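Student: Here you go, one structure.
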Amino acid sequence: MLAARHLAPVAEQLETALGLRDPFRDAGVGHFGLENAVYALGDTFVEIVSPTREETAAGRQLDRRGGDCGYMVMFELSDAVAVRTRLSDAGVRVVWETSHEDIVDLHLHPKDVPGAIVALDVTEPVGSWRWGGPQWTAAIPAYGAGGLRSLTIASADPAGAAGRWSAVLGLDGPPDGVLELDGGAQQIRFVEAAGEHEQGIVAVGVDVTGATGAVDIAGVRFDRGGS
């Protein structure tokens, strides 16, 4: 997820650089003082949020980072009971949650899981994701090629952050600082942040159709590989 002062220009950049179209706009994020645009990329998603009022969490992140930036990473997991047990064992606080028949959504305290805001979603059926729009609510529609393949997170303590994320996600400890998800199809790398206010999502690897190379969008480097 990206945070932007102004939604429209960043949405235009994503559409031009990644070939994305027809975003879902979730009126429910107005509860957080935000507007958004959610784009499906394969069976993964890229979301932009933008504040519509003062004193929002996204607005504070924009202030800390000095402009548009990476904001949140959302993971799909299975077994809500196991997820909650891991969080309790690790002493990780849940700052917001909601439950529906098709999804349990938990947002974690950023001081407990450093590097970026982390949200965990347990879905039914697996592969659905209601925040992607009505067609993804309790269903898995036909979707195109491509997807998110990697994230790079800048942290003041890369090794510590990698261990913390690993515990939250129920993964084996990463000996090389790289977390692997979905059998290695996706990776998360942790690098040292240049300063306290430089912590966050700094790069995203994506497979897209008809484009390769790196492009900067909202302060995040998107490394495009063809699919």
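The values are calculated or read from the model by the stated rules, or taken from the named source; none is laboratory data. The model shown is predicted, which means the values in this text are computed figures rather than measured ones. Reconstructed Cβ throughout: ideal geometry from the backbone, glycine too, with neighbour counts over all protein chains shown.
Student: Gly146 - would you say it is among the small types (Gly, Ala, Ser) and in contact with a strand residue (DSSP E or B) (Cβ under 7 Å, 6 or more places away or on another chain)?
Tutor: Criteria met by Gly146.
Student: Separate question: Among the numbered criteria (1) buried (at least 17 other Cβ atoms within 10 Å of the Cβ); (2) of a type outside the set (S, T, N, Q); (3) part of a strand (DSSP E or B); (4) more than 13 Å from the chain's Cα centre (by Cα), which one does Glu76 miss?
Tutor: All conditions pass for Glu76, except number (4).
Student: Give all pairs with beta carbons closer than 8 Å in which a residue from region 12-32 that is over 24 Å from Gly205 (Cα atoms) and acidic (Asp, Glu) meets a residue that is assigned to a helix (DSSP H, G or I) and at pLDDT 95 or above; count only pairs at least 6 apart in sequence or on separate chains.
Tutor: Close Cβ pairs (under 8 Å, with a partner that is assigned to a helix (DSSP H, G or I) and at pLDDT 95 or above) amount to Asp26/Trp131.
Student: What do you reckon, is Ala167 surrounded by 19 or more Cβ atoms within 10 Å (Cβ to Cβ), closer than 17 Å to Ala119 by Cα and either in contact with a Cys (Cβ under 7 Å, 6 or more places away or on another chain) or at pLDDT below 95 (or both)?
Tutor: So Ala167 does not fit the description; no.
Student: Being surrounded by fewer than 19 Cβ atoms within 10 Å (Cβ to Cβ), modelled with pLDDT under 95 and outside any helix (DSSP H, G or I) is the requirement here; does Ala145 meet it?
Tutor: So Ala145 passes the test.
Student: Wholly within region 83-136, which strands (runs of 3 or more DSSP E) include no fewer than the required count, namely at least 2 residues that are more than 15 Å from the chain's Cα centre (by Cα) and of a type in the set (A, V, I, L, M, F, W, C)?
Tutor: The qualifying strands (runs of 3 or more DSSP E) are 94-100, 103-108.
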